[in-house]
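The values are calculated or read from the model by the stated rules, or taken from the named source; none is laboratory data. All figures in this text were calculated on a predicted structure; none of them were measured in a lab. Ideal geometry is used to build each Cβ from the backbone, glycine not excepted, and the neighbour counts take in all protein chains shown.
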Amino acid sequence: MIMDDDVYDAYREAGALAQRVLHRGAGLVRVGAGLLEMVEETEAMVIDEGAGLAFPLNVSFNEAAAHDTAMPGDERIFSAGDLVKVDLGVHIDGYIADTALTVDLGNHAGLVEASRAALDAAIAIVRPGTTAGEIGTAVQATIEEHGYIPVANLTGHGLGHYDLHAKPTIPNIAMSGGAIIEEGMVFAIEPFATTGSGRISEAARVEIYQQIAARPARLPSAKRVLETARPQRGLPFARRWVPGDKVDIGLMNLVRSGILHPFPVLNDIPGSFVSQAEHTLIVTADGCEVTTG
Ligand code: CO
């Protein structure tokens, strides 16, 4: 046993909870249902279980690949034809499970299957000695076999204690080398398949932020933002979570002073559709255990 038993249990417990909540949350994605209600209800399921959110529930529509979530007072509803990515991060004492699926409200079954099959193909080759490049190669090959394009500039990532973007980086495209997978590593694999360009770019809108420096703020609205951020202990939080007014002024002030890092909504080209599948796993002596499976 390479990992402390308590740590291992926390990862497994977080994974089981994430899996349960993800499927219940995805069940709320129905034509005519409101985004804000769906997001708040799903996040509450995690809190009600006594666990923490490793990041705000990401719900990204159509060409948006990631990092969208409900805005304050969001009035968007799910519509027929939408392709909806639901990406959930749960932690127990800082040990994170990160898992995602795609809900198809249109006729995108093949695209949904492409990212899901790529995730399965990737998981099947994870064991000590596999390289991150080999995983990316499996992801790209599977998505292309299904007739779609992998998103090249989004990657899977290691999950450290209160750290969402630890090593290793797991590419979604073929490459040589990369990190060598070792027993005890914990990471998320998250293939994205697209009908678009295969490269996402940052939109102007930002709903999710992360505190990256511990300096104090003077502006009252900025102080209120940092009070919201504090319990996350460096994990991301949502603009929607900050109470009161002038929230955007506080956020802008903190980004400018290098205290917050913004995560803009990430889009492929307009009119395209992106699907995503994601699991978290722990590398074992001869393979891996999927904590969110
Ligand atoms: Co992830």
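The residues on offer are Gly158, Gly177, and the sole one that is farther than 14 Å from Ser275 by Cα and away from the ligand (no atom under 16 Å from the Cβ) is Gly177.
On the stretch given as segment 172-196, residues that are over 17 Å from Ile282 (Cα atoms) and of a type in the set (A, V, I, L, M, F, W, C) total 5.
Here Leu83 meets each of (1) crowded, with 18+ Cβ neighbours inside 10 Å; (2) touching an Asp or Glu at 6+ places or on another chain (Cβ under 8 Å); (3) more than 27 Å from Leu53 (Cα to Cα) with one exception, condition (3). Answer yes or no as to whether Tyr148 is in contact with a Ser or Thr (Cβ under 8 Å, 6 or more places away or on another chain), more than 16 Å from the ligand (Cβ to nearest atom) and of a type in the set (Phe, Trp, Tyr). Yes. Residues in segment 77-111 that are over 24 Å from Glu37 (Cα atoms) and not in a strand (DSSP E or B) were compared, and the one that is farthest from the ligand (Cβ to nearest atom) is Asn107.
Residues of segment 122-133 that are crowded, with 20+ Cβ neighbours inside 10 Å and of a type outside the set (S, T, N, Q): Ala122, Val126, Ala132. From the set of residues in segment 56-76 that are under 14 Å from Gly25 (Cα atoms) and not small (Gly, Ala, Ser), which is nearest to the ligand (Cβ to nearest atom)? Once the filter is applied, the top-ranked residue is Asn58. Here Gly250 meets each of (1) small (Gly, Ala, Ser); (2) in contact (Cβ under 8 Å) with a residue 40 or more places away in the chain; (3) more than 16 Å from the ligand (Cβ to nearest atom) with one exception, condition (2).
Against the condition more than 24 Å from Arg233 (Cβ to Cβ), of a type in the set (A, V, I, L, M, F, W, C), buried (at least 20 other Cβ atoms within 10 Å of the Cβ) and under 18 Å from the mean Cα position of the chain (by Cα), how does Met38 come out, does it pass?
When the stated conditions are applied, Met38 passes them.
With respect to Gly196, determine if the residue is on the phi > 0 side of the Ramachandran plot and either at pLDDT below 95 or outside any strand (DSSP E or B) (or both). I'd like the intermediate steps shown before the answer.
Values: on the phi > 0 side of the Ramachandran plot: no; either at pLDDT below 95 or outside any strand (DSSP E or B) (or both): yes.
Against the criterion (on the phi > 0 side of the Ramachandran plot and either at pLDDT below 95 or outside any strand (DSSP E or B) (or both)), Gly196 does not qualify.
Considering only residues in segment 11-31 that are in contact with a Ser or Thr (Cβ under 8 Å, 6 or more places away or on another chain) and assigned to a loop (DSSP other than H, G, I, E, B), the one that is nearest to Ile77 (Cα to Cα) turns out to be Val31. Using the structure shown, decide if Leu111 is out of contact with any helix residue (DSSP H, G or I) (no Cβ under 7 Å at 6 or more places or on another chain), surrounded by 18 or more Cβ atoms within 10 Å (Cβ to Cβ) and more than 23 Å from Arg205 (Cβ to Cβ). For Leu111, the condition - out of contact with any helix residue (DSSP H, G or I) (no Cβ under 7 Å at 6 or more places or on another chain), surrounded by 18 or more Cβ atoms within 10 Å (Cβ to Cβ) and more than 23 Å from Arg205 (Cβ to Cβ) - is met.
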